[in-house]
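First the structure, in the form of structure tokens, and then the observations on it.
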Amino acid sequence: MISERDYAETAYDSKKRNIAPPDPALWKDRVERWYRSHPLPQGVHCGDFRFEIDKSMARDLKEGKTQDLLTQEQMQVGSLKNPLVVMATIRFLALVLSFIGLFVFFIAKEDPFTIADWESYIFFLIGITIYITCFFLMKVVPNKNNITFNRRTGMVTIPQLGRKPDVILPFEECDGYYYCPQNPVGQQYKLYIGHRFSDKGTDTLREWTRPWSVYYEWEFIQQYMDVSKPLPDIPELEPYRHLDPTTAEHDRKTSRPPHYWRDMDLDQVAWEQKKGIEVAKNFHWGMSR
């Protein structure tokens, strides 16, 4: 029989959370204060995570495919120390470079070719070459050095660049914020998770065009880490639900089918996602029910 002792004493339980308020005086760095300029609410208020699902998740589940980046024990998200993330960033910049070169080539094109024509053409070739190279390298580079949220221990591990040791923080002492980085393609919103009693923290690298999406992401992480609540009900976590004590008990009490997502028709999955997006979009984020 599954026991709550499967969780460490340091596991995060929102019902038992009782700590001092944050101390902004500890956030001495100007950039750190900027990251924390828009605090997000504590707790899960919407609780509908169908926004996160899609057909590919359900299809993988039907085919018996699983992954180890999101299980009943830990959730991993990309960091700038992850070779795969670095490669994806370079690939994106290379694509931008190639588009700029192509755009300038056709706008500034003269007959016969001028030096400006050749330079823009070379920019395009360099960019597209780097893009293709990164595309193939991403198939072989390791997916490692991720930010790790450990549900069993209640700890967040943040990899540091260079040879600095990883930063390990209790999730209980972390708060969510959103900030808007300068972006040439439009306004973006990102989640920042900061330690309440130090200037340590990290963002999750996901970029959103709508501020409510950051609220949603923060709620998902809180639901995942909170051992007083079941795991978020999405296809990726379905193979692991019976391995988590709180989730297994919740599913038993609610008579949730063990293969709820696996047995669902893909068109129904698409409909569920659509309804989940509507719920998330129309929810009064930042306000309790």
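Couple of notes before you dig in:
- Tally of residues being open to solvent by less than 40 Å² (accessible area, probe 1.4 Å), within 15 Å of the chain's Cα centre (by Cα) and among the aliphatic types (A, V, I, L, M) across segment 42-72: 2
- Every listed requirement among (1) touching a helix residue (DSSP H, G or I) at 6+ places or on another chain (Cβ under 7 Å); (2) under 30 Å from Gln160 (Cα atoms); (3) at pLDDT below 80; (4) surrounded by fewer than 17 Cβ atoms within 10 Å (Cβ to Cβ) is met by Ala94 save one, (4).
- Checklist (1) out of contact with any Ser or Thr (no Cβ under 6 Å at 6 or more places or on another chain); (2) buried (at least 16 other Cβ atoms within 10 Å of the Cβ); (3) not hydrophobic (A, V, I, L, M, F, W, C) applied to Pro39, failing item: (2)
- Filtered residues of segment 260-288 (kept if of a type outside the set (Val, Ile, Thr) and under 15 Å from Val44 (Cα atoms)): Ala280, Phe283, His284, Trp285, Gly286, Met287, Ser288
- Pick from segment 73-91, criterion open to solvent by 50 Å² or more (accessible area, probe 1.4 Å) and either charged (D, E, K, R) or in a helix (DSSP H, G or I) (or both), ranking: modelled with the lowest pLDDT: Lys81
- Annotation: Thr246 fulfils all but one of (1) under 26 Å from Trp261 (Cα atoms); (2) under 15 Å from the mean Cα position of the chain (by Cα); the unmet one is (2).
- Residue in segment 204-227 that is hydroxyl-bearing (Ser, Thr, Tyr), assigned to a loop (DSSP other than H, G, I, E, B), open to solvent by 30 Å² or more (accessible area, probe 1.4 Å) and within 30 Å of Val96 (Cα to Cα) present: yes
Residues checked against (1) at pLDDT 95 or above; (2) under 30 Å from Val269 (Cβ atoms); (3) part of a helix (DSSP H, G or I); (4) not hydrophobic (A, V, I, L, M, F, W, C):
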position: Lys28; (1), (2), (3), (4): no, no, no, yes
position: Trp34; (1), (2), (3), (4): no, no, yes, no
position: Cys46; (1), (2), (3), (4): no, yes, no, no
position: Ser56; (1), (2), (3), (4): no, yes, yes, yes
position: Gly64; (1), (2), (3), (4): no, yes, no, yes
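- Test result for Lys190, in contact with a helix residue (DSSP H, G or I) (Cβ under 8 Å, 6 or more places away or on another chain), open to solvent by 10 Å² or more (accessible area, probe 1.4 Å), more than 23 Å from Ile19 (Cα to Cα) and in contact (Cβ under 8 Å) with a residue 24 or more places away in the chain: yes
- Scanning segment 101-120 for residues that are closer than 29 Å to Val86 by Cα and either modelled with pLDDT of 75 or more or open to solvent by less than 90 Å² (accessible area, probe 1.4 Å) (or both) turns up Gly101, Leu102, Val104, Phe105, Ser120.
- Extreme residue, least open to solvent (accessible area, probe 1.4 Å), among residues of segment 240-272 that are part of a helix (DSSP H, G or I), out of contact with any helix residue (DSSP H, G or I) (no Cβ under 6 Å at 6 or more places or on another chain) and of a type in the set (S, T, N, Q): Thr246
- Enumeration of residues in segment 154-165 that are closer than 17 Å to Val77 by Cα and out of contact with any Leu (no Cβ under 9 Å at 6 or more places or on another chain): Gly154, Gln160
- So Ile130, is it farther than 19 Å from Val77 by Cα, among the hydrophobic types (A, V, I, L, M, F, W, C), buried (at least 17 other Cβ atoms within 10 Å of the Cβ) and touching a Leu at 6+ places or on another chain (Cβ under 8 Å): yes
The values are calculated or read from the model by the stated rules, or taken from the named source; none is laboratory data. Since we're looking at a predicted model, the values are computed, not measured. Don't worry about glycine lacking a Cβ; one is built from the backbone with ideal geometry, like all the others, and counts go over all protein chains shown. Accessible surface areas use protein heavy atoms only, side chains included; no ligands, DNA or RNA. Shrake-Rupley method; radii C 1.70, N 1.55, O 1.52, S 1.80 Å.
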